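A short write-up of the structure that comes next.
Please treat every number below as a calculation from the coordinates, not as lab data. For clarity, every value in this text was computed on a predicted model and none was experimentally measured. Note that we place each Cβ from the backbone using ideal geometry, even for glycine, and neighbour counts take in every protein chain shown.
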Amino acid sequence: MPPGQGFHTPGEVPGPVVGAVVGDDPVDREIMGNGQNVVSGRQEISLRCFSACDQAFFASLASDERVVRFVGDGMSWPTGRIEERVRLALRDVPASEAGAVRWFIAEADGESVGLFVSSRRQGAVEIGYWVAPDFWGRGIAGAMLDAGLEAVVRVYGPVAVVALIDPANTASVKLVERRGFVVAFLAAKGRYGHRRIHAVLTGPGCAVAKKTVLTPMRTLGLVCKVRRRRRYSSYAGQVGTCVPNTLGRDFAATGPNQKWVTDVTEFRIGDRRAYLSPVIDLFDRSVVAHRCGTSPSLELTNGSLEQALATLAPD
C-alpha cells in the first residue's frame, strides 16, 4: 500500500479530494468497548479502541513523511499537533452527537499495524486510515478497512460513510471503490458542483446533509467547471454597403407585410456550428421564411429573403 492511506484527523482537511460514500448495512449495532474486537475474514486483523497508551504508535505514524504524504501539506506532524489530536480522540462524546470521534488500533499477531479513525459529521460518518510502513504491501489496508466499516456500524448504527482521499492516492481510491464507495467529484471530471455531488452520494436509505458535502468542497477549492461564454467575434473581412436605418426603431406595424426584419443566429452543436436566417413579420411576429446553413454567408441571408418575397401575392 503506498504512503498516505487517505487518513485525516478531525479538523484536519487533506489536499485535493475525492468524495465517496457507501450506504448503510444493518448488522450488529452493539457498541464496541475496550477488549471487543472486529475481525476481518480476509486477514487476521482485529481492531481495538484507541487508548492513551497508543500515543507513541500514533506519533510514529504522524511523524513519518511517508505516511502523511497525502495529508495536508505532506509534512511530518510536530509534537504539539500530535498531542492535540490524541486529546480530541480520547474525548468522551456520545457517538450519537456531531463531533463524536472513535479511533481504533489495528493489530495483527498482537502487533500494532495501523490506525482507523471515524468521526460523526452532519448526516454521515467520515473515516480515514493509516498503515505502518513496515506492513505495506501485505493487504493490511483492505483488511483494516473491512473491519473498520464493520466497526462504524457497530458504533454509530447504520449510517452513510464518507471518505476524503487525495486523487493522487490512486491505490486508496481503488480500495474504497472495490468496497462499494461512489467516487463523486473526480469521476465527474470536475463538472459537478455540491448539489450534483450531494445527489450522487444520496440514495435509498442513505442520507447525507448538503453541508457535509458543501463545507469540505469550499475548504478544498473544489469548484465545478463552468462553461464560459465566448466573446462574440464578428466577421472581420470586407464590410459591405450600409443601408439607411429606415425603421428608426419603430417596430410597430398596423398590417401584415408592412415591416420585415431578419437576423442570423449561430447554434453550437457539439464541435460544429449551424446558422439560421429567419425573416419575421413585425405585425404578428410570424416567421415568413427561413433558411439554415453552415456558414453566415450572403447566400444564406439572400436565400431567406428570396423565400419571403416568394410568399407575396403578385400585384
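A few remarks follow.
- Segment residue 66-residue 266, length gained on full extension (0.36 nm per residue, minus Cα span): 66.6 nm
- Zone residues, segment 269-290, relative to residue 257, backbone N less than 20 Å from point 7 Å out along Cα-to-Cβ: 278-290
- For residue 224 and residue 298, the difference between the fully extended length at 0.36 nm per residue and the C-alpha to C-alpha distance is 22.6 nm.
- Cβ-defined net charge surrounding residue 53, 15 Å radius [Lys, Arg +1; Asp, Glu -1]: -2
- Here the contact order of segment 260-310, divided by its residue count and restricted to Cα pairs under 8 Å and six or more residues apart, works out to 30 percent.
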